[in-house]
Amino acid sequence: MKEFWFYLKFIWTYVRELKRNLIIYVCTHIIRVIISIIVPILSAQAIIHLTSNAWEQLILVAIVMYLLENARNVMHYFGNYNAQYLYRESFIRLQTALGRQIVQIENECMDSHSSGVFIQRLTNDTSKLADIFFLLNRSIANIITDVGILIAVFFLNKIVFIYIVSMLLIVYAVDSTRVQKRGEKDKIFREKNEKVSGFVGELVRGIRDIKMLNAEDSFMKELHFKVRDVNGARYDMGDVDRRYVFLRDLFYDLWDLLLILLLVFLVTHNGLAVATALIIYNYSGRIGSIISGVSTLLEGVKDFNLSASRVYAIIEGEEFPKEKFGTMHLDNIEGNFEFKNVTFHYGSDKKKVLNKINFKVNANETVAFVGKSGAGKTTIFSLLCKMYDVDSGHITIDGVDIKRLDKESIRGNITIISQNPYIFHMSIRDNLRLMKENLTEDEMVEACKLASFHDFVMKLPDGYDTVVGEGGVSLSGGQKQRLAIARAFVQKTEIILMDEATSALDNETQSNIQKAIENMKKEYTILIVAHRLSTVVNSDRILFVKDGKILAEGSHKELLKTCSDYRSLYETEMEK
Ligand code: ADP
């Protein structure tokens with residue numbers, strides 16, 4: 001219970017503005033509950049009036065009952081309205097709050113978790129949390145009613161009261177064991193479910209590669225295995241329910257039968273009035289609902305605790321650390337930066353990807369990083385954007401350590417164009433607007449022209465309003481790269497990082513973009529990683545990266561003379 005209150009308080013911080021709806025919902029429910037206590041008393045009276053031919057009283061009682069039932073319907077309507085509103089709004093608030101936290105999680109942590117972990121928590125778990133107010137209200141109101149009825153029974157007949165309480169305790173013991181065991185199985189089920197939804201996400205995203213690799217069968221086998229596994233866990237949960245519910249219902253039916261016998265016995269041998277016995281029996285259905293009320297509450301609380309702990313882990317837990325930024329803000333950066341003795345390794349991997357690396361790039365310089373695949377070039381870009389934190393050493397922008405800078409000063413001033421840029425499932429216009437909300441038509445067209453993308457867009461039936469599919473699936477690799485380059489031209493940040501950004505382009509398009517980049521030179525700091533050395537020979541400087549170190553630096557001509565690794569890379573390319 002302590003755990004429950006802790007998580008309830010935690011969730012409450014996100015939904016406290018909905019207090020009014022919650023109060024209305026609870027009040028309407030209480031009124032309904034009161035009516036449902038009164039109606040059985042009236043109906044017992046109606047039966048008595050009927051048997052004693054007291055027609056006037058019978059009509060009066062019937063009218064009151066009718067009005068009460070209608071009042072109950074009206075309360076039901078308003079209660080439902082507020083409950084639905086409460087659910088919708090709390091779901092939105094919780095999902096938004098969780099989504100906001102997820103985008104702040106450290107990349108290293110994201111790398112090591114399946115996407116299912118986040119998808120499941122963002123959808124299923126938040127939905128269960130939003131449901132808690134329904135559950136609490138329904139269950140608590142029902143339990144209060146039932147306790148009220150129990151008190152009434154206590155005054156009506158002590159023997160029946162003792163009988164009912166002892167039976168309730170037995171049934172409760174069975175059911176709380178069920179809830180405990182079900183909770184354990186539910187935890188296992190949800191962990192497996194996260195893995196499956198991560199896998200399904202990959203399957204959908206990788207469907208083209210799977211088809212090309214003719215690997216449908218092996219993927220289907222894997223999917224079958226995983227789906228069977230997760231459904232096995234779901235079955236185990238149902239199995240616990242089935243066995244314990246069976247046992248509980250056995251007790252319950254026995255309880256009902258014995259209650260009738262007890263009432264008959266008390267009427268015939270103990271002087272219990274028939275009317276009182278009728279009232280008690282009218283109540284008995286409701287008393288039975290204590291059991292389902294309590295078990296729904298127990299199950300709901302367990303379910304809520306599990307969902308809340310999973311959401312809490314992302315929002316507050318140490319398992320999902322958030323990116324940390326400094327507080328210093330640079331309004332206009334010049335674009336100078338420096339790596340000083342930077343050492344870095346990824347996650348649990350012991351191998352140093354960068355080892356005491358040192359270099360400096362001046363504002364408005366165009367610098368290329370070359371070297372074999374896996375040398376650490378992309379990692380340099382990632383560290384500069386603070387996608388990961390360095391192990392030791394310092395990275396500075398305009399002389400300030402990036403650890404001291406706020407997010408906007410770093411990422412707001414750097415654009416990265418990668419080899420395989422992610423294009424969103426939106427129109428081309430909206431993909432560009434993501435970078436700048438108030439983008440004008442002229443700015444958009446200009447950026448696309450610079451990126452040699454405009455002519456292609458003009459040939460599309462819907463032009464800039466063409467929706468490009470998830471991940472830009474309807475675009476070729478080269479078209480995606482050109483759209484990504486156009487995005488960068490829209491953003492116009494001071495530092496532009498191009499990581500194999502033109503690798504999928506034909507020579508003509510590449511040379512057009514090269515010209516656009518040439519035009520940007522001297523205005524922007526541009527870093528380029530490229531496999532084709534021909535695309536970087538005109539850079540102001542070339543840094544040759546090998547095994548996480550800068551092996552040599554200089555112009556193309558200088559490196560040909562001073563760096564044998566560079567020379568052999570160049571010669572290999574010339575031979576092709
Ligand atoms: P390059 O850009 O020069 O081809 P990278 O910087 O991409 O090289 O990679 C350098 C090394 O770091 C490689 O050995 C690669 O396997 C490893 N690496 C890159 N990204 C990650 C990551 N997210 N997690 C773990 N290892 C990584």
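Tabulated data for the structure shown
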read-out	value
Within segment 457-471, tally of residues that are exposed (fewer than 15 other Cβ atoms within 10 Å of the Cβ) and part of a helix (DSSP H, G or I)	5
Tally, over segment 363-378, of residues that are near the ligand (Cβ under 6 Å from one of its atoms) and β-branched (Val, Ile, Thr)	1
Residues of segment 457-494 classified as among the aromatic types (Phe, Trp, Tyr) and in contact (Cβ under 8 Å) with a residue 40 or more places away in the chain, total	1
Restricting segment 335-362 to residues that are among the polar types (S, T, N, Q) and within 15 Å of the ligand (Cβ to nearest atom), the residue that is modelled with the lowest pLDDT	SER348
Residue satisfying condition, being more than 16 Å from the ligand (Cβ to nearest atom), over 30 Å from GLU184 (Cα atoms), surrounded by 16 or more Cβ atoms within 10 Å (Cβ to Cβ) and of a type outside the set (S, T, N, Q), within set GLY285, GLY271, GLY326	GLY326
ASN332 vs. criteria in contact with a strand residue (DSSP E or B) (Cβ under 9 Å, 6 or more places away or on another chain) and away from the ligand (no atom under 16 Å from the Cβ)	no
Flag if THR415 is outside any strand (DSSP E or B) and either among the aromatic types (Phe, Trp, Tyr) or under 30 Å from VAL468 (Cβ atoms) (or both)	no
Residue selected from segment 148-202 under the condition among the aromatic types (Phe, Trp, Tyr) and buried (at least 16 other Cβ atoms within 10 Å of the Cβ), by the criterion nearest to ILE260 (Cα to Cα)	TYR163
Complete set of residues in segment 472-488 that are among the charged types (D, E, K, R) and either surrounded by fewer than 23 Cβ atoms within 10 Å (Cβ to Cβ) or under 28 Å from the mean Cα position of the chain (by Cα) (or both)	LYS480, ARG487
Lone qualifier among ASN70, ASN82 - being assigned to a helix (DSSP H, G or I) and either over 30 Å from ALA275 (Cβ atoms) or touching an Asp or Glu at 6+ places or on another chain (Cβ under 6 Å) (or both)	ASN82
Cβ-Cβ under 6 Å pairs, at least 6 apart or on other chains, segment 242-264 side within 23 Å of ALA275 (Cα to Cα) and in a helix (DSSP H, G or I), far side at pLDDT below 90 and small (Gly, Ala, Ser)	LEU259/SER284; LEU263/ALA277
Any hit, segment 402-410, residues being part of a strand (DSSP E or B), away from the ligand (no atom under 16 Å from the Cβ), farther than 24 Å from ALA486 by Cβ and modelled with pLDDT of 90 or more	yes
Top-ranked residue of segment 108-166 - restricted to ones that are acidic (Asp, Glu) and within 16 Å of the ligand (Cβ to nearest atom), ranked as nearest to ILE291 (Cα to Cα)	ASP111
Top-ranked residue in segment 429-446 [being within 26 Å of the chain's Cα centre (by Cα) and among the aliphatic types (A, V, I, L, M); ranked as surrounded by the fewest Cβ atoms within 10 Å (Cβ to Cβ)]	LEU434
Close pairs (6 angstrom Cβ cut-off, 6 or more residues apart or separate chains): farther than 16 Å from LEU384 by Cα and in contact (Cβ under 8 Å) with a residue 24 or more places away in the chain in segment 521-550, of a type in the set (Ser, Thr, Tyr) and surrounded by fewer than 22 Cβ atoms within 10 Å (Cβ to Cβ) anywhere	LEU533/TYR570
Search result, residues across segment 429-456 that are assigned to a helix (DSSP H, G or I) and among the hydrophobic types (A, V, I, L, M, F, W, C)	LEU432, MET444, VAL445, ALA447, CYS448, LEU450, PHE456
Single residue of LYS557, LYS522 found to be away from the ligand (no atom under 16 Å from the Cβ), more than 42 Å from the chain's Cα centre (by Cα), modelled with pLDDT of 80 or more and more than 22 Å from ILE357 (Cβ to Cβ)	LYS557
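The rows are residues; the columns are (1) of a type outside the set (Val, Ile, Thr); (2) within 16 Å of the ligand (Cβ to nearest atom); (3) more than 19 Å from GLU323 (Cβ to Cβ); (4) touching a strand residue (DSSP E or B) at 6+ places or on another chain (Cβ under 9 Å).
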position: LEU384; (1), (2), (3), (4): yes, yes, no, yes
position: TYR388; (1), (2), (3), (4): yes, yes, no, yes
position: ASP391; (1), (2), (3), (4): yes, yes, no, yes
position: HIS394; (1), (2), (3), (4): yes, no, no, yes
position: ASP398; (1), (2), (3), (4): yes, no, yes, yes
position: GLN419; (1), (2), (3), (4): yes, yes, yes, yes
position: TYR422; (1), (2), (3), (4): yes, yes, no, no
position: ASP442; (1), (2), (3), (4): yes, no, yes, no
position: LYS449; (1), (2), (3), (4): yes, no, yes, no
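The values are calculated or read from the model by the stated rules, or taken from the named source; none is laboratory data. Keep in mind the model is a prediction, meaning the values are calculated, not measured. A quick note on method: Cβ atoms are made from the backbone with ideal geometry, for glycine too, and the neighbour counts reach across all protein chains shown.
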